[in-house]
Amino acid sequence: MIESLRRLALSHQGLISPASFGTGLSGTRHAIEHLGYVQIDTISVVERAHHHILWSRVPDYQQSHLNQLVKQQHIFEYWFHAASYLPMQDYRYALPHMTSIRNGEHRYFNRGDQAFMNEILARAKAEGSIRLRNIEQGNKQNSGGWWNSSLARRSIEQLFMQGDLMISERNGMEKVYQLTEYCIPSHLDLSVPTLEEYARYLFNTTLRAHGVFAWKQLLHLKVGQKIREAMRDIVNEQLDAGVITTLAQLGSSDKESQNLYIQTDALEQIPNIELKVKILSPFDNLVIHRERLNTLFKFDYRLECYVTPPKRVFGYFCLPILYGDQIVGRIDCKAHRAKNQFEVISLHLEPQHLNHTITDPAHFFNALNTEIHHFAQFNQCININEGLHKILDQSKKRFK
């Protein structure tokens, strides 16, 4: 059963078939619309998360596709559980969060200066677009007073989070902002969803993107009794209608959080899977819910860049390694782009997969070596450090 659940989860994530969502620009759009969001992250040890996630799923993915889709008004940037690219068709479900920030209900985005924000909006309207550095450069001549860099950043971020500005493109990680009215389609539904509609949106997104899920995943980082009650009503409705089925209790005292739910007829459509290797982002949609990851894949994962160096076990930025329908280990890498050098620092295979999941070590290591070279090219690196062969040879010795 657990093997079928893993394959179902991988299939819904677009990680089994090589072109589940299509290829190129259209494949990128379809991937984001199916997944519901793609998380944006600023860490650049290897290629940033939003590009990595899409590269893992869309053949012929190009980094320029995101700016193209934003310009075409098919996707937009906002907040899901973190900064993300989202389908434009889901824009209305961001409106409650924007309203709460406008009303001063968010502790992180309520520190902009109103006079400064008015000035930013006026400049954005007059100039068509605006960057943070434009604001800074335009005000460096002002001695003292109301302007400073941190205030500029807080003010423009608040305008973005409350929906007055949108990000119209990124140059690297530099954001270009425009007034929202210039960035959304004229026909877009701007009605504020009810709580029931919002909960149903979260439920449908999770069901579509994951196939098998737990209660905690439905409300990931969403707080409040009202949203819990609305989601409970929807889950009960879907259970009563036979759309989803409760699979198992997983041994937790918190039974509600540990129930697994699955679309009722899904187990009749479990796909076959090839023994291929994929190196995943730490922020990949498959792995971001750590408890579910452990339940389905028996993989206990922690991103150690947020851990002090003495407490790191696997490395600063270890990436999960998917092989077939199992996550079999993690690899710590770094892209030295100025030198065109890709460095593999360490490789850690999970003990339970040695001689069990990896029944043909030669096939696995050949596939891993191919994926490392493919991943290096994606990171704009031509050369791979000479130590890679030693790291692979040491790992091979662990097989009996």
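A few remarks follow.
- Where a residue in segment 2-27 is closer than 21 Å to SER64 by Cα and its partner, wherever it lies, is open to solvent by 20 Å² or more (accessible area, probe 1.4 Å) and aliphatic (A, V, I, L, M), with Cβ under 9 Å and at least six apart: GLY27/ALA19
- Residue identified as touching a helix residue (DSSP H, G or I) at 6+ places or on another chain (Cβ under 6 Å), surrounded by fewer than 16 Cβ atoms within 10 Å (Cβ to Cβ) and hydrophobic (A, V, I, L, M, F, W, C) among PHE399, PHE299, PHE317: PHE399
- For segment 295-305, a residue qualifies if it is part of a loop (DSSP other than H, G, I, E, B) and not acidic (Asp, Glu), and the qualifying residues are LYS298, PHE299, TYR301, ARG302, LEU303.
- Test for GLU304: is it at pLDDT 90 or above and either of a type in the set (Asp, Glu) or buried (at least 19 other Cβ atoms within 10 Å of the Cβ) (or both): no
- Residue within segment 42-52 that is acidic (Asp, Glu) and within 12 Å of the chain's Cα centre (by Cα) present: no
- Taken over segment 74-85, the criterion of being touching a strand residue (DSSP E or B) at 6+ places or on another chain (Cβ under 6 Å) and not aromatic (Phe, Trp, Tyr) is satisfied by ILE75, GLU77, ALA82, SER84.
- Looking across segment 264-287, the residues that are open to solvent by 20 Å² or more (accessible area, probe 1.4 Å) and either in a loop (DSSP other than H, G, I, E, B) or at pLDDT below 90 (or both) come down to THR264, ASP265, LEU267, GLU268, GLN269, ILE270, PRO271, ASN272, ILE273, GLU274, LEU275, LYS276.
- When segment 88-109 is filtered for residues that are farther than 22 Å from ALA209 by Cβ and open to solvent by 10 Å² or more (accessible area, probe 1.4 Å), the ones remaining, listed by number, are MET98, THR99, SER100, ARG102, ASN103, GLY104, GLU105, HIS106, ARG107, TYR108, PHE109.
- Taking segment 115-230 as the region of interest, the helices (runs of 4 or more DSSP H) fully inside it that hold 1 or more residues being over 30 Å from ASP265 (Cβ atoms) and either at pLDDT below 90 or in contact with a Lys or Arg (Cβ under 7 Å, 6 or more places away or on another chain) (or both) are 132-139, 149-161.
The values are calculated or read from the model by the stated rules, or taken from the named source; none is laboratory data. Predicted model, so just to flag it, every value in this text is computed and none were measured. Cβ sites come from the backbone with ideal geometry, for glycine too, and all protein chains shown count toward neighbours. Each accessible area value is taken on the protein alone, full model and side chains, heavy atoms only, with ligands, DNA and RNA left out. Shrake-Rupley method; radii C 1.70, N 1.55, O 1.52, S 1.80 Å.
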